[in-house]
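Undergrad: Below is one structure. I have some questions about it.
The values are calculated or read from the model by the stated rules, or taken from the named source; none is laboratory data. Fair warning: this is a prediction, and the values are worked out from it, not measured in the lab. Positions of Cβ are backbone-derived with ideal geometry, glycine not excepted, and every protein chain shown enters the neighbour counts.
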Amino acid sequence: MRTPRDTPEITLVGAGLAGSLLAIFLARRGHRVTLLERRLDPRKAAGSAGRSINLALANRGITALEEVGVMEGLRSALIPMAGRMLHDEEGRLRLIPYGNKPHEVIYSVSREGLNSLLLNAAEATGRVSIWFGETVCGVNFDDRQARVLTGKEPEQKTTPYDVLIGTDGSASAVRAAILEQTGGRLDEEPLGHGYKELSIPAAGGGGGGGWFRMERNALHIWPRGEYMLIALPNVDGSFTATLFLPNQGDESFQALTTPEAVYTLFERRFADAIALMPRLVEDFFGNPTGHLETIRCEPWSFEDHALVLGDAAHAIVPFHGQGMNAAFEDCSAFDRCLSDPDRPWSEIFADFEKRRRRDTDAIADMALENYVEMRSTVREPKFQLKKDLSFRLEERHPGRFIPRYSMVMFHTIPYAEAKRRGAIQEGILDALTSGAASLDEVDLARADRLIAERLGTG
Ligand SMILES: Cc1cc2nc3c(=O)[nH]c(=O)nc-3n(C[C@H](O)[C@H](O)[C@H](O)COP(=O)(O)OP(=O)(O)OC[C@H]3O[C@@H](n4cnc5c(N)ncnc54)[C@H](O)[C@@H]3O)c2cc1C
């Protein structure tokens with residue numbers, strides 16, 4: 001373990017999900033940590049999180065939270081989601097389980113609640129100080145100073161740092177400074193689709209919450225081909241729904257400029273949802289339209305000065321529910337890079353990037369693929385057949401054939417390996433289901449042979 005005496009103070013920019021968790025990991029290694037956060041304290045200022053009120057937490061995130069001992073304190077705030085509840089256009093429901101075993105569920109969690117819990121745990125270490133209302137707008141690498149805007153009528157000041165880590169999200173100022181200093185590369189890939197948050201209040205109402213108007217232990221999806229609506233449960237009995245839609249075109253955010261246009265779309269395509277959304281129009285025109293993109297950049301660090309991590313290094317589209325989970329896995333991976341107390345920071349940063357880049361590139365790709373699955377493929381009978389077959393093959397070949405979704409959500413198999421094995425498995429599933437209409441028609445002896453050939457016998 002590094003001791004406080006031989007470790008520099010670390011300045012983290014951004015006290016969101018990654019920043020607040022990383023602060024705990026660093027404090028446990030003996031570092032003093034200063035967190036600079038542009039927002040007001042979410043524990044005091046209601047509704048300042050800005051986007052996605054709730055999130056899906058899965059195994060990778062849980063593993064990192066367990067490592068710093070905060071998971072037990074979170075359990076009562078989690079709602080297990082056992083599968084996707086599909087809503088078709090006639091309002092018929094069908095549950096597609098996520099996993100093959102009872103514990104294979106993901107959890108809906110409040111972003112603000114989780115952030116607050118992590119901030120409290122960071123402060124409880126006694127080594128972390130958090131400064132809210134401080135926006136980093138640049139870095140002077142020559143004299144190791146961060147430029148910070150602070151106050152109601154913002155004034156610029158400089159804050160010295162020993163080591164600077166940007167956990168400042170997808171529009172990272174630290175990333176911009178690193179790329180400018182190094183002449184690095186920024187690759188921004190807009191999705192062309194945006195999102196809008198809408199609410200489904202609890203039945204029974206009242207300040208203390210009521211009961212759920214739909215199955216609570218599921219992630220609800222209204223897949224409509226080119227777009228979709230989803231909803232995740234909250235502990236107060238409400239759901240937060242998110243409409244994902246193209247930015248432009250006949251059915252797009254650009255086309256929804258009047259309450260009539262919004263109602264018409266919902267009545268036509270989401271008829272069972274509209275009945276649950278008394279504030280549809282207020283939400284639609286009151287909430288911002290979010291932008292979605294994939295961000296890749298290189299390098300993630302500059303010498304022994306600065307590093308970016310979480311969305312600041314690799315923002316992804318939200319369709320695998322993995323952005324936060326990957327950011328938490330980053331924190332845990334970075335912590336492992338610190339195990340040798342004599343290692344220089346420049347080496348630690350380079351090692352972290354080397355360990356993580358392939359994996360974060362892989363989850364970025366898989367997240368994009370999952371949008372097509374969620375909004376479209378999930379409706380096809382072939383999808384259900386392949387899902388059923390993949391569970392059957394997992395039972396026949398435990399540890400060797402693991403559905404790709406399960407590798408990503410319920411295991412900590414590196415993302416790049418999950419993607420590689422997932423592609424081989426997809427080939428096997430395609431071969432076995434070609435011409436088959438049901439599981440009974442699948443040749444399981446051939447399945448065993450293909451798995452032995454392509455995935456090995458070990
Ligand atoms: C609609 C939607 C749904 C999502 N659903 C899921 C999901 O179900 N599961 C999942 O795992 N992930 C999900 N994600 C992704 C997840 O939100 C992000 O991956 C995660 O928040 C990344 O954490 P972070 O700490 O790196 O960045 P952020 O959470 O963005 O935190 C960055 C922090 O830095 C602060 N900051 C920014 N700039 C500055 C600055 N210049 N100076 C000081 N402070 C600054 C911000 O105020 C913020 O507090 C979703 C994302 C979206 C948009």
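Undergrad: Among the residues of segment 403-413, which ones are buried (at least 18 other Cβ atoms within 10 Å of the Cβ) and either in contact (Cβ under 8 Å) with a residue 24 or more places away in the chain or not aliphatic (A, V, I, L, M) (or both)?
TA: Of everything in segment 403-413, those that are buried (at least 18 other Cβ atoms within 10 Å of the Cβ) and either in contact (Cβ under 8 Å) with a residue 24 or more places away in the chain or not aliphatic (A, V, I, L, M) (or both) turn out to be P403, R404, Y405, S406, V408, M409, F410.
Undergrad: Filter segment 127-147 down to the residues that are within 17 Å of V308 (Cβ to Cβ), out of contact with any Phe, Trp or Tyr (no Cβ under 7 Å at 6 or more places or on another chain) and buried (at least 22 other Cβ atoms within 10 Å of the Cβ) and list them by number.
TA: V136, V139
Undergrad: Could we say that G169 is out of contact with any Pro (no Cβ under 9 Å at 6 or more places or on another chain) and not basic (K, R) here?
TA: yes
Let's see how each residue does on (1) within 16 Å of the ligand (Cβ to nearest atom); (2) free of Cβ contacts under 8 Å to residues at least 12 places away in the same chain:
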{"position": "H291", "(1), (2)": "yes, no"}
{"position": "D330", "(1), (2)": "yes, no"}
{"position": "S339", "(1), (2)": "no, yes"}
{"position": "D342", "(1), (2)": "no, yes"}
{"position": "D351", "(1), (2)": "no, no"}
{"position": "F391", "(1), (2)": "no, no"}
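Undergrad: Tell me which residues, restricted to segment 159-178, are more than 8 Å from the ligand (Cβ to nearest atom) and not in a strand (DSSP E or B).
TA: Y161, D162, R175, A176, A177, I178
Undergrad: Output yes when any residue across segment 98-116 is in a loop (DSSP other than H, G, I, E, B), touching a strand residue (DSSP E or B) at 6+ places or on another chain (Cβ under 6 Å) and either among the polar types (S, T, N, Q) or at pLDDT 95 or above (or both), and no when none is.
TA: Yes - at least one qualifying residue is present in segment 98-116.
Undergrad: Pick out the one residue from R392, R396, R400, R446 that is at pLDDT 95 or above, in contact with a helix residue (DSSP H, G or I) (Cβ under 6 Å, 6 or more places away or on another chain), surrounded by fewer than 20 Cβ atoms within 10 Å (Cβ to Cβ) and basic (K, R).
TA: R400 is the lone residue from the list that is at pLDDT 95 or above, in contact with a helix residue (DSSP H, G or I) (Cβ under 6 Å, 6 or more places away or on another chain), surrounded by fewer than 20 Cβ atoms within 10 Å (Cβ to Cβ) and basic (K, R).
Undergrad: So for segment 199-207 (the condition being over 26 Å from T135 (Cα atoms), hydroxyl-bearing (S, T, Y) and modelled with pLDDT of 95 or more), does at least one residue qualify?
TA: Yes, some residue in segment 199-207 is over 26 Å from T135 (Cα atoms), hydroxyl-bearing (S, T, Y) and modelled with pLDDT of 95 or more.
Undergrad: On to the next question. If we keep just the residues of segment 69-97 that are in a loop (DSSP other than H, G, I, E, B) and without any contact (Cβ under 8 Å) to a residue 60 or more places away in the chain, which is farthest from L232 (Cα to Cα)?
TA: Ranking the candidates gives G69 first.
Undergrad: Another question, then. So, in segment 183-233, of the ones that are of a type in the set (D, E) and closer than 21 Å to L243 by Cα, which residue ends up nearest to the ligand (Cβ to nearest atom)?
TA: In this case the residue turns out to be E197.
Undergrad: From Q156, Q181, grab the single residue that is of a type in the set (S, T, N, Q), closer than 30 Å to L307 by Cβ, out of contact with any Ser or Thr (no Cβ under 6 Å at 6 or more places or on another chain) and not in a strand (DSSP E or B). Let's see the steps before the verdict.
TA: Values: Q156 fails: not in a strand (DSSP E or B).
On inspection, the qualifying residue turns out to be Q181.
Undergrad: Could you please find all residues in segment 153-189 being buried (at least 18 other Cβ atoms within 10 Å of the Cβ) and of a type in the set (D, E)?
TA: Scanning segment 153-189 gives a single hit, D168.
Undergrad: State which residue pairs qualify: first residue touching a residue at least 12 places away in the same chain (Cβ under 8 Å) and inside segment 420-435, second residue acidic (D, E) in any location, beta carbons under 8 Å apart, and separation of 6 or more residues or different chains.
TA: From residues that are touching a residue at least 12 places away in the same chain (Cβ under 8 Å), the pairs are L432/D443.
Undergrad: Within segment 241-265, track down each residue that is within 27 Å of the chain's Cα centre (by Cα) and either aromatic (F, W, Y) or more than 26 Å from M214 (Cα to Cα) (or both).
TA: F244, P246, N247, Q248, E251, S252, F253, Q254
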